[in-house]
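What follows is calculated from the coordinates using simple rules that are stated; it is not laboratory data. As the structure is a computational prediction, the values presented were derived from the model and not from experiment. All Cβ positions, glycine included, derive from the backbone under ideal geometry; neighbour counts span all protein chains shown.
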Amino acid sequence: MKRLAIFLLSLAFINNTNNAADSIVDTSSPLETIATDFGLADGPAWDGGGNLYFPDVKGGKLYRYNPKSGKVQVFLNNAGRISATYFNHGKLFLSNNGASQISVLNGKQKTRIAGQPRDAKPSRRPNDLVVDQQGGIYYTLTGAGEVVWISPEGKQHIVIKNIKTPNGLILSPDGKTLYVAAYVPKEIWAYTVTKPGVVENGRLFAKMDSGPQKGADGMTVDRAGNVYCAGPADIWIWNPEGKLLAKIHTPTRPINCTFGDQDMRSLYITGFGGLYRQRMNTYGCFPEPALKEKTKNPKRPSTAIPKTVSPHLNVVYGQVGHRKLLADIFVPKSGKGPFPAIIVVHGGGWLNGDKAKFRALALALCERGYVTMAVGYRLGHEAKFPAGIQDCNAAVRFLRGEAQKYHVDPQKIGAVGGSAGGHLVGLMAAAPHVKQLQGSAGNQDQPSNLQAAIVMAGPMQMASGSVADRSRKNPKKSNSNQWLGKTIDEAPELYQLSDAYLHFSKKTPPLLFMVGEFDQPERNAPSREKLKSFGVDTDVKVYPKGKHGCWNQLPWFNDMVTDMDQFFQNHLK
């Protein structure tokens, strides 16, 4: 395949609607062309690990693009007429239009999903698909005017009838709304998902008004719940209320889109012209980890949900405007309860990451007798400080307010976080009394104070130390400058407000520090000294040969979970 060097499209432009695109589209990064040598590039899927898959419908091939290497390669030759892909639960699902079936890819072998008729008529050839958090599959039958659902057990039934030329479809981040694009009338329909495979309250969500051309095609959503759909000439973007935010123009007709890259801030667009990429100021939704299979990476702990744990995925724990805040809550199936609870906060430099990244930790602690809540919070490119810490505090208030539902002891709630998540946990522990850090989401009648906290290699000092130094010496690469929106010299009061060290007092709960041997164990020494001066129970655990992020790697993971359990037993049980 002839490869073209990545170049910036001089013809590309972003149509701004009511200036909304200034916030959602990264206008400093124009649309890129990745490759163009395709007959028709269709529904793409990001695998969560570093690769983008997309089919060439006319060429009968499945391609894989690796952003790190910059290579676009044929992954599966003679793939047939695949019209869309979707990655979830550790698997790549295929809408195998040519074979009239939904398939899953095992290695390079296509396996037909059970529950489908083997002798399907041409009108019953699947077009696009989406996989829900339980493993069920929705797909569109454009010719038949239907949307069909296949259960994880392989039972199939029609969920929507009499919709005109259904094409693309996508679920909202919380899985409660199914969006379907009607191709010919260029309409987007929304349906309330009452339970997996059952929808009601179909209503017109949005309509494209760009002339007589047909073409409401493939869809995706971002973490804020904004809806994206490929139209005749643009990618259209609406907020969850149906307000048009922006249009991204492409030099050739777009067909589908999805989010990808390690930070999930790149919108990949496929179409007649090939593969394009647009950087965004919002984040895509990470694929759900595998629900049952053990991890294939021997250095990583398993994210498979054990039978001893009751999962509650993508629970809405708060809302800011129309932005829903989601968390995964895990409850022990055995034991009397109520149980002590632990808020689990992922890292990522305040700008990246996802709640699923700490799923293994949340599950391991749950198996030891804690209700755990892995929280998603607004990251810095979507919303500046103090949004992220306000979300974390809202999670505590939510869990306390819903204690009976999730079998939680509201007087025994702790938290653990790593890296930037460690900083947030330290700030949660130190400043529950600071109004500016609380926000309006969650149960407002509940306090957000913690009874114990663990910080894994997170900075406690923001107005001094390495964070402040980096803000001054390397302002363009400073994560704190991007997260807070200003340098320390431009807004010293913001750095002071975000500084856990400055907020420490005798009311701070017991605070344990965990760090790898090769991850600056001395980082939080001033914090430990200050806490001790207030009579606060504090200590540090250093893990031999551990580097930054060792809490998510074996063998350190097991030792750290054991130490967490011991600490929380002393202070929560």
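Quick one: net charge of GLY115's neighbours, Cβ under 9 Å, K/R +1, D/E -1?
That sum, taken over residues with Cβ under 9 Å, equals 0.
Rounded if a/c is under 1.5, else prolate if a/b beats b/c, else oblate: with a ≥ b ≥ c from the C-alpha gyration tensor eigenvalues square-rooted, which is the stretch 7-279?
Oblate is the answer for the stretch 7-279, as a/c is 1.5 or above yet b/c matches or exceeds a/b.
Give me, ordered by chain and number, the residues 5 or more places off ASN314 or on other chains with an amide H under 5 Å from its own placed amide H.
The list, which skips near neighbours in sequence, is ALA327, ASP328, ILE329.
Quickly estimate the mean residue ellipticity at 222 nm for the chain, helices only: each DSSP H run with n ≥ 4 gives -39500 (n - 2.57), and the total goes over all residues, rounded to 500.
Result for the chain, helices only: -4500 deg cm²/dmol.
What residue among ILE137, ASN167, PRO122 has its Cα farthest toward the positive end of the dipole of the stretch 109-234, where the charges are +1 on Lys, Arg and -1 on Asp, Glu, each on the Cβ?
Result: PRO122.
Say the cut-off is 32 Å between C-alpha atoms; which of LYS161/LYS355; LYS506/LYS541; LYS58/LYS176; LYS91/LYS324 go over it?
Check vs 32 Å cut-off fails for LYS161/LYS355; LYS58/LYS176.
Among [x] 71, 55, 54; [y] 76, 51, 49; [z] 74, 54, 44, find the value of Cα extents along the principal axes in Å that was calculated from the structure presented, and write down its label.
Computed from these coordinates, Cα extents along the principal axes in Å corresponds to label [z].
Mind checking which aspartates and glutamates have their Cα closer than 14 Å to the Cα of LYS214? Skip sequence neighbours fewer than 8 apart in that chain.
By straight Cα distance, LYS214 reaches GLU187, ASP234.
Can you pull out the GluC sites (Glu not before Pro) in the stretch 94-195 that DSSP calls coil and that have at most 11 other Cβ atoms within 10 Å?
GLU153
What list of ³J(HN,Hα) values in whole Hz, one per residue of the stretch 500-517 in order, does the Karplus curve 6.51 cos²θ - 1.76 cosθ + 1.60 (θ = phi - 60°) give from phi, with Gly and Pro shown as x?
Running phi through 6.51 cos²θ - 1.76 cosθ + 1.60 with θ = phi - 60° gives 5, 4, 5, 8, 4, 8, 5, 8, 5, x, x, 9, 9, 9, 10, 7, x, 4 Hz.
Could you work out the local net charge near ALA403, counting Lys and Arg as +1, Asp and Glu as -1, over the other residues with Cβ closer than 14 Å to its Cβ?
Residues close to ALA403 contribute a combined charge of +1.
May I ask for the distance between the Cα centers of the stretch 37-101 and the stretch 302-351, given as a whole number of Å?
Between the Cα centre of the stretch 37-101 and that of the stretch 302-351, the gap is 32 Å.
Based on Cβ point charges of +1 for Lys and Arg and -1 for Asp and Glu, what charge dipole magnitude is obtained for the stretch 147-272 about its Cα centre, in debye rounded to the nearest 20?
For this selection, approximately 320 debye.
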